[in-house]
Amino acid sequence: MRKPIIAGNWKMNKTRDEALQFIYNVNTKLPSKEFVESVICTQSPILRDMVKRQGENLRIGAQNMHYLDSGAYTGEVSALLLVDLGVEYVIIGHSERRAYYNETDDSVNKKTHHAFNHGLNPIVCVGESLEIREANKTDEFIKVQVVNALKGLTKDQIKVLVLAYEPIWAIGTGKTATSEMANDTIKAIRNVVVDLYDKETAEAMRIQYGGSVKPANIKELLSMSDIDGALVGGASLDADSFLQLVNAGTK
Ligand code: 13P
């Protein structure tokens, strides 16, 4: 049984006060981490504040990091610092970072290794554009992203890795992939992992769906055989909405 993981990706939203108010509102109401993992990924400057106030059932993640320990990389954040701050998760290769900040399959792979080397849990994102979806090339496109992202990882690492399938055309658009569509692509991803590793490894790896997930559609998405959670943008910003999303993961 794969434990569901619901992660909020706040992107470039919320001030420190707003973030701490959110934590205050959800902390005592979150379901036990025994049944569902709840994660919030914030902007870097408030990570320490978030970690300090995270309740027992909430974990904090960063939205990006560099793949080197230190150096002349203005504006970047190191895994060493994230670990030092008590951060436990890091989103890697989000489509916005691929589109606006030259994140490549190669840097995604380097960052994923780097996260594991430092004991951080990576949430590795893949996803196709509308053009690729409409040309019926989704599976072959995603396969390349997955193969490249996972290059050189051990079976044990794959088993704890979280992969997020986020079709770019569904992000922030209100258009969700139908649950069947999301499940089919996620199954195809799992099959890629079966071919690269084996069935046992692929069955252990958790794969989230992301893209306009809301309290109204999460139950149906999570009812699908291969969808193990959600990576949520807009609907994770509101405390009540986040609680509803996470509670859906306990069913
Ligand atoms: P939305 O839930 O706002 O569509 O964003 C999805 C996303 O990009 C999460 O990483």
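Coordinate-derived values only; no laboratory data. No experiment lies behind these values; they were computed from the predicted model shown. Please note: Cβ atoms are built from the backbone with ideal geometry, for glycine as well, and neighbour counts cover all protein chains shown.
Per-structure values
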read-out: Every pair of residues 6+ apart whose Cβ atoms lie under 6 Å, when the first sits in region 34-63 and is free of Cβ contacts under 8 Å to residues at least 12 places away in the same chain while the second is assigned to a helix (DSSP H, G or I); value: none
read-out: Hey, I158 hydrophobic (A, V, I, L, M, F, W, C), within 27 Å of G8 (Cβ to Cβ), in contact (Cβ under 8 Å) with a residue 24 or more places away in the chain and in contact with a strand residue (DSSP E or B) (Cβ under 9 Å, 6 or more places away or on another chain) or not; value: no
read-out: Of all residues in region 136-171 being small (G, A, S) and in contact with a Gly (Cβ under 6 Å, 6 or more places away or on another chain), the one that is surrounded by the most Cβ atoms within 10 Å (Cβ to Cβ); value: A164
read-out: Evaluation of I186 against (1) assigned to a helix (DSSP H, G or I); (2) away from the ligand (no atom under 16 Å from the Cβ); (3) under 19 Å from I92 (Cβ atoms) (one fails), failing number; value: (2)
read-out: Number of positions in region 223-251 that are of a type outside the set (S, T, Y) and within 15 Å of the ligand (Cβ to nearest atom); value: 15
read-out: Restricting region 22-32 to residues that are surrounded by 15 or more Cβ atoms within 10 Å (Cβ to Cβ) and not hydrophobic (A, V, I, L, M, F, W, C), the residue that is farthest from V246 (Cα to Cα); value: N27
read-out: Total residues in region 88-112, condition buried (at least 19 other Cβ atoms within 10 Å of the Cβ), outside any helix (DSSP H, G or I), without any contact (Cβ under 8 Å) to a residue 60 or more places away in the chain and away from the ligand (no atom under 12 Å from the Cβ); value: 2
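Residue-wise test of (1) more than 10 Å from the ligand (Cβ to nearest atom); (2) out of contact with any helix residue (DSSP H, G or I) (no Cβ under 6 Å at 6 or more places or on another chain); (3) at negative phi; (4) not aromatic (F, W, Y).
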position: V144; (1), (2), (3), (4): yes, yes, yes, yes
position: I158; (1), (2), (3), (4): yes, no, yes, yes
position: L161; (1), (2), (3), (4): yes, yes, yes, yes
position: A170; (1), (2), (3), (4): no, yes, yes, yes
position: V194; (1), (2), (3), (4): yes, no, yes, yes
position: A202; (1), (2), (3), (4): yes, no, yes, yes
position: Q208; (1), (2), (3), (4): no, yes, yes, yes
